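Report on one structure; see the data block that follows.
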Amino acid sequence: MRVTQLFTKTSKTAPADEVAKNARLLIQAGYVHKEMAGVYTFLPLGLRVLENICTVIREEMNAIGGQELKLTTLQDAEIWKATGRWDDEAVDVWFKTKLKNDTELGLGPTHEEPLVRAVKPFITSYKDLPFLAYQIQTKFRNETRAKSGVMRGREFLMKDLYTFARTQEEHDELYEKIKQAYFRVYERLGIGEQTFLTFASGGMFSQYSHEFQTLTDAGEDTIYLDRNKKIAINEEVNNDEVLAELGLERDKLEAVKAAEVGNIFTLKDKFSGPLGLTFSDESDQIHNVLMGCYGIGPSRLVGVITELMADDKGLVWPENIAPFMLYIARLGVEEQVVAAADKLYNDLTSAGIEVLYDDRDARPGEKFADADLLGIPHRVVVSAKTVEQGTYEYKKRTETESSMLSEADLKNRLTTSN
Ligand code: ATP
Ligand code: MG
């Protein structure tokens, strides 16, 4: 993509009305637009990052047998009444609306009820189970606070997967498999080392649920972490009984700020029971299907990764999710310089490398500042000097020294790098 064709532009300054670092930087760099508090539009660069995160998640969910679908945003009040979750006392984040004939509807804050109803016609026998279904979809929650930028939206993206099993043992196996897939997701997103499995309350249906918490001062949660054991507990389960059970010692726990990037739950028959999702076993006995639910927040992850990786010059994206791999800064408008930069852009693009080509007639300082602010992992300078030498001046976003490379070496860096 050519910078002269990109409709978004960077700003010299961060927006004055944003307190969260992630929103300040993402807006300044033209990745997102703030519609209102807790409501953000993803502009082309931001959408590329968000989609790259979703691709990683989708690949890992597909690899463990997840089947993708898409449920509706508009929710039928009746199905939620059946499980007792329509009431604002039970779910305090509902956005509700009405049809013209006054029938009440909701905007989905989560999707257990409608999914159970949608799969029910297909499930009758033990032969129909187990299975895993997931979606990546916009959720609506009337959150009280919305000061964390894209990390806490009133409208946000969630990947929610649900498992349907016959026995507790079968459920436990699926749960473990998904937990491992979650670790792979965070690893591939470049936040594996800072992300910890955190024991949380399991509610009425299991002893624990598990959160995936990424350490960052911008996080809204405090967790108690044993760095050696690589596990943490959250506030709800911070008591002597749980510590003993998990083999943790209080004086080895560190209280740290973190952001919840995922949460997995055992649901047993909390939803299948009231909604009548049953199956018959080999001897024609009827049982409730055993469920689990597993969430990850891709739009929150955009914010968390921004918070963790950005430096004083701007955004820094890991290669796996960067909107572009390489920034070509063309310095000068002389014919040979333009020809060399155009050729490099075309060559690399046809080699499948995603390039953002700064073809503007602008000062070098402006181009370098934008390359840094935008956080593109690699930068190449094409100038009268490099053309004369027949090489390219190359630098990584996270390094200060540049080096001179041939086109072949450059290609090599961009295809095998990390
Ligand atoms: P929190 O405690 O932060 O409010 P939650 O426990 O209510 O989150 P879940 O229902 O567990 O959230 O949702 C699954 C995942 O969706 C979370 O782990 C998080 O990554 C993401 N998520 C939840 N709420 C938001 C939000 N308001 N904005 C962006 N992402 C969110
Ligand atoms: Mg949660």
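The values are calculated or read from the model by the stated rules, or taken from the named source; none is laboratory data. All values derive from a computational prediction rather than experimental measurement. Positions of Cβ are generated from backbone atoms using ideal geometry, with glycine treated the same way; all protein chains shown enter the neighbour counts. Protein only, heavy atoms only, side chains kept; ligands, DNA and RNA dropped before computing areas. Shrake-Rupley method; radii C 1.70, N 1.55, O 1.52, S 1.80 Å.
Determine whether Arg85 is open to solvent by 30 Å² or more (accessible area, probe 1.4 Å) and either in a loop (DSSP other than H, G, I, E, B) or without any contact (Cβ under 8 Å) to a residue 24 or more places away in the chain (or both).
yes
Residue-by-condition table, conditions (1) open to solvent by 10 Å² or more (accessible area, probe 1.4 Å); (2) closer than 30 Å to Phe122 by Cα; (3) away from ligand 1 (no atom under 16 Å from the Cβ):
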| residue | (1), (2), (3) |
| --- | --- |
| Lys230 | yes, no, yes |
| Glu236 | yes, no, no |
| Ala244 | yes, no, yes |
| Ala255 | yes, no, yes |
| Asn263 | yes, yes, no |
| Gly273 | yes, yes, yes |
| Gly276 | yes, yes, yes |
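So, of the residues in region 350-388 that are hydrophobic (A, V, I, L, M, F, W, C) and in contact with a Gly (Cβ under 6 Å, 6 or more places away or on another chain), which turns out to be surrounded by the most Cβ atoms within 10 Å (Cβ to Cβ)? Write out each step before concluding.
Just the residues of region 350-388 that are hydrophobic (A, V, I, L, M, F, W, C), to begin with: 351, 353, 355-356, 362, 368-369, 371, 373-374, 376, 380-382, 384, 387.
With in contact with a Gly (Cβ under 6 Å, 6 or more places away or on another chain) added as a condition, the list becomes 373, 384.
Values: Leu373: 19, Ala384: 13.
By that ranking, first place goes to Leu373.
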| said: Which pairs turn up if I take residues in region 338-367 that are of a type in the set (Phe, Trp, Tyr) and look for partners that are surrounded by 12 or more Cβ atoms within 10 Å (Cβ to Cβ) and modelled with pLDDT under 95 with beta carbon separation below 6 Å, at least 6 apart in sequence or on another chain? | reply: none
| request: Give me the pairs, please: first residue somewhere in region 146-165 and farther than 18 Å from Tyr31 by Cβ and of a type in the set (Gly, Ala, Ser), second residue anywhere and part of a strand (DSSP E or B) and more than 10 Å from ligand 1 (Cβ to nearest atom), beta-carbon distance under 6 Å, and either six or more positions apart or on two chains. | output: Ala165/Leu290
| remark: Per the filter on region 198-217, residues of a type in the set (S, T, N, Q), within 12 Å of ligand 1 (Cβ to nearest atom) and open to solvent by less than 20 Å² (accessible area, probe 1.4 Å) are Thr198, Ser209, Gln213, Thr214
| query | Can Lys127 be described as open to solvent by 60 Å² or more (accessible area, probe 1.4 Å), on the phi < 0 side of the Ramachandran plot, assigned to a strand (DSSP E or B) and away from ligand 2 (no atom under 16 Å from the Cβ)? | reply | no
| query | Which condition number does Met158 fail, the rest of (1) over 23 Å from Ala20 (Cβ atoms); (2) open to solvent by 20 Å² or more (accessible area, probe 1.4 Å); (3) part of a strand (DSSP E or B) being met? | reply | (1)
| request: Kindly indicate the residue of region 288-300 that is farther than 20 Å from Glu173 by Cα and within 14 Å of ligand 2 (Cβ to nearest atom) and also least open to solvent (accessible area, probe 1.4 Å) among those meeting that condition. | output: Gly297
| message | Go through region 301-347 and report how many residues are open to solvent by 10 Å² or more (accessible area, probe 1.4 Å) and hydroxyl-bearing (Ser, Thr, Tyr). | response | 1
| All positions within region 64-76 that are over 20 Å from Ser272 (Cβ atoms) and either open to solvent by less than 80 Å² (accessible area, probe 1.4 Å) or in a strand (DSSP E or B) (or both) | Ile64, Glu68, Thr73, Leu74
